[in-house]
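Below is one structure; the comments refer to it alone.
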Amino acid sequence: MTSLIIDKDPYTLFQELERRSLEVGTALPKEEEKKPTWSGIAFSINNHLLLASLHDVQEVLDCPPLTYIPRTKKWLKGIANVRGRLLPVIDLEIYLGGNERSIQVNSQILVVQYGALSAGLLIDNVQGQHHFMEEDSCSLPMLDIGGIAEFVQPVAYRNHEGTWLIFDVRKLITSPQFMQVAA
């Protein structure tokens with residue numbers, strides 16, 4: 001190690017100290033740019049992989065006991081008492097044109113709210129949260145998706161499981177047909 005020469009002027013001395021410290025100092029870690037992600041609750045209906053935005057889903061529940069409401073459409077399965085709040089439960093598969101079936105043991109409820117309206121969407125196959133990077137997005141492929149098509153956004157995401165369609169919960173809830181529950 002070389003010593004500093006004291007008879008230099010202070011400015012030159014500080015420059016020499018800076019140069020030496022930069023030679024032996026380690027580089028600071030580089031800050032990585034955080035890439036934007038899109039997150040949603042994954043589920044499937046009629047073998048279609050669907051995503052509901054995390055912003056639209058308040059919570060996911062195991063299916064609570066339901067109270068049947070007479071003279072309603074078959075897709076309104078009933079009302080559930082969820083922590084003191086009455087929640088209408090809609091079988092999303094039947095609503096979208098699927099066949100009527102009984103509630104499964106693994107059925108879950110996606111609790112959604114838009115304004116003052118809240119509802120529970122009954123789903124048989126909820127697969128948890130999925131996160132996608134921007135580069136995973138693609139335009140909506142040409143698929144025969146039946147009744148779901150009205151509620152699917154024009155963007156989709158791809159991963160090793162397949163192509164995930166984004167289900168527009170807000171469009172569903174604000175649909176005039178969704179409000180017409182009387183049979």
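The values are calculated or read from the model by the stated rules, or taken from the named source; none is laboratory data. Here the structure is a predicted model, which means the values were calculated and not measured. Glycine also receives a Cβ, built like all others from the backbone with ideal geometry; neighbour counts cover every protein chain displayed.
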Filter the range 127-183 down to the residues that are at pLDDT below 85 and among the hydrophobic types (A, V, I, L, M, F, W, C) and list them by number.
140, 142, 143, 145, 148, 149, 183
If you go through the range 92-99 one residue at a time, do you hit one that is in contact (Cβ under 8 Å) with a residue 40 or more places away in the chain and over 18 Å from residue 47 (Cβ atoms)?
no
Verdict on residue 166 being of a type in the set (Val, Ile, Thr), touching a residue at least 40 places away in the same chain (Cβ under 8 Å), closer than 20 Å to residue 54 by Cβ and part of a strand (DSSP E or B)
yes
All strands (runs of 3 or more DSSP E) inside the range 72-131 with 2 or more residues being among the aliphatic types (A, V, I, L, M) and under 18 Å from residue 180 (Cβ atoms)
76-82, 85-91, 117-123
Residues (surrounded by 17 or more Cβ atoms within 10 Å (Cβ to Cβ) and of a type outside the set (A, V, I, L, M, F, W, C)) located in the range 54-89:
56, 77, 78, 88
Within the range 8-22, is there a residue that is exposed (fewer than 10 other Cβ atoms within 10 Å of the Cβ), of a type in the set (A, V, I, L, M) and closer than 30 Å to residue 133 by Cα?
no
Here are the criteria: (1) in a strand (DSSP E or B); (2) in contact with a Leu (Cβ under 8 Å, 6 or more places away or on another chain); (3) over 15 Å from residue 55 (Cβ atoms). Tell me which single one residue 158 does not satisfy.
(2)
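Conditions (1) under 29 Å from residue 164 (Cβ atoms); (2) of a type outside the set (A, V, I, L, M, F, W, C); (3) part of a loop (DSSP other than H, G, I, E, B), marked per residue:
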position	(1), (2), (3)
26	no, yes, yes
31	no, yes, yes
35	yes, yes, yes
38	yes, no, no
41	yes, no, no
44	yes, yes, no
49	yes, no, no
52	yes, no, no
58	yes, yes, no
Given the residues 130, 160, which is the only one that is loosely packed, with under 11 Cβ neighbours inside 10 Å and within 20 Å of the chain's Cα centre (by Cα)?
160
Can you name the condition, by its number, that residue 84 falls short on among (1) within 21 Å of the chain's Cα centre (by Cα); (2) on the phi > 0 side of the Ramachandran plot?
(1)
